[in-house]
Amino acid sequence: MIKFTLNGRVVETKAPATMRLLDVLREEFNLIGTKEGCGEGECGACSVFVNNQLQNSCLIPIGSIAGAEVQTIENLIETERFKILDESYSIAGGVQCGFCIPGMIMASAALLSNNPQPSEAEIREGISGNLCRCTGYNMIVDAIKLAAKKGDGVWQKK
Ligand code: FES
Ligand code: FES
């Protein structure tokens, strides 16, 4: 049995230790906001926070998660940070098909939490692990700039 904290709640799973965190989240806990794109650590669609660090859940065996804190998009949605990102992505037209967006939002939140006033180059670097096939990235970059402005003071809070 592997015990860990998932979205603020202590949970246990009987999944084999080599099963991917991504599959445990989606199949056992029905947290389907975390997407599978490449399955190889290249696209960022499966991004979650593990101990507050942005990680690709397709690369993490559940056995290594024992005792860790995992946060998915379903939990981020409850926060003021999400509200700011949601509004900013809407205003900037940063969402098209939407497949990359949960991972992109996780990456945006990680970026702004570490660097509340990023330069454009820092924004592009911050989302460089997340692929989007639709937007050409410029609207996503605009969304993050707007979220930095709208969320002034919010990103600094722990
Ligand atoms: S599905 Fe994990 S990085 Fe692409
Ligand atoms: S909005 Fe379609 S992949 Fe990004």
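Brief remarks on what is shown
- Considering only residues in the stretch 15-36 that are within 15 Å of Met106 (Cα to Cα) and in a loop (DSSP other than H, G, I, E, B), the one that is nearest to ligand 1 (Cβ to nearest atom) turns out to be Glu36.
- Residue tally, condition part of a helix (DSSP H, G or I) and crowded, with 17+ Cβ neighbours inside 10 Å, over the stretch 125-144: 7
- Within the stretch 88-104, considering residues that are surrounded by fewer than 20 Cβ atoms within 10 Å (Cβ to Cβ) and assigned to a helix (DSSP H, G or I), the one farthest from ligand 1 (Cβ to nearest atom): Ile91
- Checked against the criteria, Ala148 counts as on the phi < 0 side of the Ramachandran plot and buried (at least 17 other Cβ atoms within 10 Å of the Cβ).
- Each residue in the stretch 38-62 was checked for being more than 14 Å from Ile73 (Cβ to Cβ), in a loop (DSSP other than H, G, I, E, B) and either within 9 Å of ligand 1 (Cβ to nearest atom) or among the charged types (D, E, K, R) (or both), and 6 of them qualify.
- The one condition in (1) in the same structural domain as Leu146 (by TED's automatic domain parsing); (2) more than 16 Å from ligand 2 (Cβ to nearest atom) that Glu69 fails to fulfil: (1)
- Residue in the stretch 13-31 that is surrounded by 15 or more Cβ atoms within 10 Å (Cβ to Cβ) and among the basic types (Lys, Arg) present: yes
- Any chance Glu122 is surrounded by fewer than 17 Cβ atoms within 10 Å (Cβ to Cβ), assigned to a loop (DSSP other than H, G, I, E, B), away from ligand 2 (no atom under 16 Å from the Cβ) and more than 12 Å from the chain's Cα centre (by Cα): no
- Scanning the stretch 72-82 turns up one or more residues that are in contact (Cβ under 8 Å) with a residue 60 or more places away in the chain and either farther than 18 Å from Asn7 by Cβ or within 16 Å of ligand 1 (Cβ to nearest atom) (or both).
- Residue check, Leu85 of a type outside the set (Val, Ile, Thr), at pLDDT 95 or above and either outside any helix (DSSP H, G or I) or within 12 Å of Ile140 (Cβ to Cβ) (or both): yes
The values are calculated or read from the model by the stated rules, or taken from the named source; none is laboratory data. Predicted, not measured: the structure shown is a model, and the values here were computed from it. All Cβ positions, glycine included, derive from the backbone under ideal geometry; neighbour counts span all protein chains shown.
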